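Q: First, the structure itself, so that you have it in front of you.
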Amino acid sequence: MRDDRESWFHETQGLRTWHVRIVLALPPGALVFMSVRQMVFHRPWGHPPMSNGDLLFLTVLLLAVYVRLITVRLVTDVRSGALTVGLRGLWRRRRIPLGEIRTAAAVEYDPVGEYGGYGIRSGPRGAAYIASGRRAVQLELRDGQKLLVGSQRPEELAATILQRKRQKG
C-alpha cells in the first residue's frame, strides 16, 4: 500500500497558448525597441527623454515579469486526503479535502466562452483553474460551490479523486 504522503495523481501543465505569449511580449518588446533606439542609435524617446539607466531598469524589469509569466504552470495533485491545485509561480495553491468533494466528473468545456480565458477564472459554472485544452474535471463541493480543474487526463483525475474519497470515507 502507498504511503499517504505520496502523490496518487500529479499533473503539470504549461500555459501553451501562443497568442497569450505574444500579447504578454508586447510591452517588454516595445521597451527593448525604445532602449535600443535611445542607447544605441542616440535617438531619445519622449520629451523629456528617460535617462538611459531608468529605461534600462524598466526594460529589464518588464523582461523579468514576462519570463515569470510564461513559466507559470498549473499543478494538480491528489495526496494526503486532499486535492491541491494552483498556478505555480504566480498564485498560492488551493487545498480541498477529499471529504469536501461531493462529485467529480470529466467534462469538455469552452475556456474562452464559459470562463473568459485561461488562468484562475470565474464563470457561470463556478471557479476554474485552466491552463490549456478543453478538457477538465468538474467538482461539486459539499457547500454547493463548483470548481473546474483543467486537465489533459480528466478521466484519470476524476477516478483518482473518487477512489481516494471512497478509501478515506
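Q: If I filter region 60-87 down to residues being in a strand (DSSP E or B) and free of Cβ contacts under 8 Å to residues at least 40 places away in the same chain, which single residue comes out as nearest to the chain's Cα centre (by Cα)?
A: We begin by selecting, within region 60-87, every residue in a strand (DSSP E or B); these are 73-79, 82-87.
Right, trim to free of Cβ contacts under 8 Å to residues at least 40 places away in the same chain and you get 82, 84.
Numbers: 82: 19, 84: 13 Å.
Top of the filtered list is 84.
Q: Specify which of the listed residues (104, 127) is surrounded by 17 or more Cβ atoms within 10 Å (Cβ to Cβ) and within 30 Å of residue 166 (Cβ to Cβ).
A: 104
Q: I would also like to ask the following. Has region 12-33 got at least one residue that is surrounded by 15 or more Cβ atoms within 10 Å (Cβ to Cβ) and within 23 Å of residue 164 (Cβ to Cβ)?
A: Within region 12-33, one or more residues are surrounded by 15 or more Cβ atoms within 10 Å (Cβ to Cβ) and within 23 Å of residue 164 (Cβ to Cβ).
Q: Here's something else I'd like to know. Regarding residue 116, is this residue surrounded by fewer than 15 Cβ atoms within 10 Å (Cβ to Cβ), farther than 16 Å from residue 15 by Cβ and at pLDDT below 90?
A: no
Q: Also, quick follow-up: Return a yes/no flag: does region 108-116 have any residue that is β-branched (Val, Ile, Thr) and touching a strand residue (DSSP E or B) at 6+ places or on another chain (Cβ under 9 Å). It would help to see each step written out before you state the result.
A: We begin by selecting, within region 108-116, every residue β-branched (Val, Ile, Thr); these are 112.
Next, only the ones that are touching a strand residue (DSSP E or B) at 6+ places or on another chain (Cβ under 9 Å) stay: none.
The answer is no, given that none of the residues of region 108-116 is β-branched (Val, Ile, Thr) and touching a strand residue (DSSP E or B) at 6+ places or on another chain (Cβ under 9 Å).
Q: Quick one: which of 76, 59 is in contact with a strand residue (DSSP E or B) (Cβ under 8 Å, 6 or more places away or on another chain) and hydroxyl-bearing (Ser, Thr, Tyr)?
A: After ruling out the rest, the residue left standing is 76.
Condition check ((1) in contact with a strand residue (DSSP E or B) (Cβ under 7 Å, 6 or more places away or on another chain); (2) without any contact (Cβ under 8 Å) to a residue 24 or more places away in the chain; (3) closer than 16 Å to residue 138 by Cα; (4) part of a helix (DSSP H, G or I)) across all residues:
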position: 22; (1), (2), (3), (4): no, yes, no, yes
position: 38; (1), (2), (3), (4): no, yes, no, yes
position: 95; (1), (2), (3), (4): yes, yes, yes, no
position: 102; (1), (2), (3), (4): yes, no, yes, no
position: 106; (1), (2), (3), (4): yes, no, yes, no
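Q: Please verify whether residue 122 is within 18 Å of residue 91 (Cβ to Cβ), of a type in the set (S, T, N, Q), without any contact (Cβ under 8 Å) to a residue 60 or more places away in the chain and not in a helix (DSSP H, G or I), treating the condition exactly as stated.
A: Judged against the criteria, residue 122 is a match.
Q: Of the residues 75, 36, 67, only one is buried (at least 16 other Cβ atoms within 10 Å of the Cβ) and among the β-branched types (Val, Ile, Thr); which?
A: Going through 75, 36, 67 in turn, just one is buried (at least 16 other Cβ atoms within 10 Å of the Cβ) and among the β-branched types (Val, Ile, Thr): 75.
Q: Would you check if there is a residue in region 110-132 being closer than 25 Å to residue 6 by Cβ, in contact with a Gly (Cβ under 7 Å, 6 or more places away or on another chain) and of a type outside the set (S, T, N, Q)? Give the derivation first.
A: Initially, region 110-132 is screened for residues closer than 25 Å to residue 6 by Cβ, giving 129, 131.
Next cut, in contact with a Gly (Cβ under 7 Å, 6 or more places away or on another chain) only: 129, 131.
Narrowing further to those that are of a type outside the set (S, T, N, Q): 129, 131.
There is at least one residue in region 110-132 that is closer than 25 Å to residue 6 by Cβ, in contact with a Gly (Cβ under 7 Å, 6 or more places away or on another chain) and of a type outside the set (S, T, N, Q).
The values are calculated or read from the model by the stated rules, or taken from the named source; none is laboratory data. Being a predicted model, the structure only gives us computed values, none of them experimental. All Cβ positions, glycine included, derive from the backbone under ideal geometry; neighbour counts span all protein chains shown.
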